[in-house]
Amino acid sequence: MFRNLTDNIPKNIGLYSVGVMLLFLFRITIDLLQTLLGLLAFLISYSSIYVLNDLFDVDDDKKDNRKAHRKPLANDVVKEEDAIRIFASFLLLGLVLSVILNLLFFCVVCSLVFTNIIYSLPMSHIRKRSFEEGSPRSLKHTILSLPLVLLMQLLKIFLPWTLSTEVMQFPVLFAIGFSLLYVIIFKGYKEYRTIGESVKQTPFFLGFAIIVFVISMSMYPEPLVQASIVLYILLGIWFFRNSRLTDRKVLLLSPVYILLGIVVLFFLISNI
């Protein structure tokens with residue numbers, strides 16, 4: 001169960017860090033301790049959802065050898081009763097920390113949790129009947145899947161801004177562009193593709209993301225810094241192009257890549 005949770009921590013730290021980097025980009029003063037506590041509250045509360053997803057998907061995961069090997073519920077390493085207790089404990093602790101920090105922060109975390117539950121909840125639970133073979137099992141298997149994923153990534157980037165006094169300056173367009181790049185990689189991950197293959201298979205999303213970034217640079221301050229961040233992201237995609245999102249190389253090196261990006265951003269802000 002520990003591995004199943006930690007597999008998702010790097011990407012969530014990365015998305016939260018994007019929000020922090022944008023705060024630096026706009027030269028908004030942040031409270032470092034509060035920002036770190038916000039990250040902790042977000043990671044704890046949101047990790048509960050991965051446990052809940054495994055509870056929803058346990059029967060399907062047992063039929064997939066790749067998932068059955070790494071999912072603790074599917075391979076019977078963890079019992080369902082224990083998983084429910086872990087879910088409840090993580091969610092309660094994370095939400096308590098969130099509401100202590102900031103009411104808006106708490107509301108965004110609740111929105112994230114609620115959206116992910118709606119995204120993952122089996123439709124048979126909603127309509128209280130079994131679906132015919134071939135029917136979508138949940139919203140993650142419908143046309144609404146990618147818009148919901150996009151919304152969740154936007155909320156994650158927005159989270160650190162809820163701890164600042166300049167919420168209204170949040171650069172929505174830049175966040176949308178970044179979230180679109182995430183959707184590209186997420187779609188490939190679900191289809192067991194490498195990051196490079198994911199980009200090649202979704203030229204429309206990539207083109208739209210670039211257009212959004214260009215518009216963002218024309219509307220928000222520091223266009224050169226914005227361009228440098230986009231270039232750094234694209235270089236990261238190129239570096240990890242032959243890897244899948246859950247490969248050991250990505251899990252080990254992505255935190256280093258994030259920290260290096262923060263250092264580069266500090267350098268750019270202080271010199272441009």
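Readers should treat all values here as calculations from the given coordinates under stated rules, not as data from a laboratory. All values derive from a computational prediction rather than experimental measurement. Cβ placement follows ideal geometry from the backbone for every residue including glycine, while neighbour counts extend to all protein chains displayed.
Enter the Cα centre distance for the pair the range 107-121 and the range 156-196, rounded to the nearest angstrom.
Spelled out, the Cα-based centre of one part sits 16 Å from the other.
Sort 270, 243 so the one with the fewest other Cβ atoms within 10 Å of its own Cβ comes first. Don't skip to the end; give the middle numbers.
Numbers: 270 7, 243 17.
Taking fewest neighbouring Cβ atoms as first place, the list is 270, 243.
Evaluate E = 1/(1 + (r/R0)^6) for residue 269 and residue 210, where r is the Cβ-Cβ distance and R0 equals 25 Å; express this FRET efficiency to the nearest 0.05.
On the way: r = 23 Å, r/R0 = 0.92.
Step by step, r from the Cβ atoms, then E = 0.60.
Can you figure out the FRET efficiency of residue 235 with residue 142, using R₀ = 35 Å and their beta-carbon distance, to the nearest 0.05? Intermediate values should be presented prior to the final figure.
Details: r = 34 Å, r/R0 = 0.97.
Given R0 = 35 Å and the Cβ-Cβ separation, E is 0.55.
Rank by packing, highest mean first: peptides 15-21, 167-173, 100-106, with packing defined as the count of other Cβ atoms within 10 Å averaged across residues. Walk me through the intermediate numbers first.
Working: 15-21: 23.3, 167-173: 14.9, 100-106: 16.9.
So the peptides 15-21, 167-173, 100-106, ranked by packing, come out 15-21, 100-106, 167-173.
Could you compute how fast the range 171-272 diffuses translationally, taking Rh as the Kirkwood radius over C-alpha pairs and applying Stokes-Einstein at 20 °C with viscosity 1.002 mPa s? Give it in µm² per second. Could the numbers behind the result be given before it?
Values: Rh = 14.3 Å.
Taking Rh from Cα pairs, D becomes 150 µm²/s.
Between residue 84 and residue 200, what length in nm is gained on full extension when 0.36 nm per residue of separation is reduced by their alpha carbon distance? Intermediate values should be presented prior to the final figure.
Values: separation 116, 0.36 × 116 = 41.76 nm, distance 3.92 nm.
Working it through step by step, the gained length comes to 37.8 nm.
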